[in-house]
Amino acid sequence: MPNVLLKCVTQSGYSVGLKSGLISQELDGGAPRYRKVQKNAFHTVNVRWVVNENGFEYLNAFYGIWCENPNEFFYAPLKVNGPEYKNYESYFVEDSFQVGEPSGRIFTITAQLRVKPIVDREKNQLLVEVGNEGVDLSELINPLEKL
């Protein structure tokens, strides 16, 4: 059973680099040609925690245990392919776990995670079709209800 990282990521410093799995080739006199070279390429997520001493010990221990078996994923509750938290299969990017900005008993820890995407192709298609109908994005409270 994979380990599960506690949900303690702050919004400040959180960012997701979505990988498309595409490459492009420039062509003379026209638009580049694109092709898919990877299906479900792993995304890179920058995370940040601001924790007390107990949180610091937990995160340090979690990272240390993962380093013993770095080919085994762990679950991290993240917002990557949608607005809600989901448990993503994750790995730490090598040597990205950093402790910085100690302030008394408060610690700031940052890391990069590689996460396997969770893709709901049918939902994505429905959302795009609603957009094709000319619906304004600001009106999309729950577009699936509309369908």
If I build a Gaussian network model for the chain, linking alpha-carbon pairs within less than 10 angstrom, which residue out of 30, 13, 131 has the largest mean-square fluctuation?
30
Based on the alpha carbon coordinates of the range 1-80, what radius of gyration and maximum Cα-Cα distance (Dmax) apply, in Å?
18.1, 60
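Largest first, how would 39, 116, 7 line up by accessible area (1.4 Å probe)? Walk me through the numbers before you get to the answer.
Numbers: 39 170, 116 85, 7 125 Å².
Most to least solvent-accessible, the answer reads 39, 7, 116.
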Among 69, 82, 30, flag the residue with its Cα farthest along the positive direction of the charge dipole of the chain, charges on Cβ as +1 for Lys/Arg and -1 for Asp/Glu.
30
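In square nanometres and to one decimal, what's the mean projected area of the convex hull around the Cα atoms of the chain? Please report the intermediate quantities before stating the final value.
On the way: hull surface 51.9 nm².
Computed as one quarter of the Cα hull surface, the answer is 13.0 nm².
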Note on the chain: contact order normalised by length, alpha-carbon pairs under 8 Å, 6 or more apart, percent, works out to 24
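Return the carbon/sulfur percentage of the accessible area of the chain, one whole number, probe 1.4 Å, all protein chains in place. All intermediate terms of the calculation are to be shown ahead of the outcome.
Numbers: 4950 of 10210 Å².
Carbon-and-sulfur percentage of accessible area, whole number: 48.
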What does the net charge come to around residue 87 if you take all other residues with beta carbon closer than 14 Å to its beta carbon, with K and R at +1 and D and E at -1?
+2
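Magnitude of the Cβ-charge dipole of the chain, K/R +1 and D/E -1, about the Cα centre, nearest 20 debye?
220
Please work out the average accessible area per residue across the chain, using the 1.4 Å probe convention, and give it in Å². Before the final figure, lay out the partial values.
Working: 10210 Å² over 147 residues.
Computed with neighbouring chains in place, this is 69 Å² per residue.
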Using a Cα-Cα cut-off of under 17 Å, which lysines could be cross-linked to residue 7, ignoring same-chain neighbours fewer than 8 residues away?
79, 86
Along principal axes, largest first, the alpha-carbon spread of the range 68-131 in whole Å comes out as 51, 29, 15
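So what is the 222 nm mean residue ellipticity for the chain from helices alone, if each DSSP H run of at least 4 adds -39500 (n - 2.57) and you divide by all residues, rounding to the nearest 500 deg cm²/dmol?
Numbers: 3 runs with 32 residues, N = 147.
Theoretical 222 nm ellipticity from helices: -6500 deg cm²/dmol.
The values are calculated or read from the model by the stated rules, or taken from the named source; none is laboratory data. Everything quoted here is computed from the prediction, not taken from an experiment. Positions of Cβ are generated from backbone atoms using ideal geometry, with glycine treated the same way; all protein chains shown enter the neighbour counts. The area values use the complete protein model at the heavy-atom level, side chains included, leaving out ligands, DNA and RNA. Shrake-Rupley method; radii C 1.70, N 1.55, O 1.52, S 1.80 Å.
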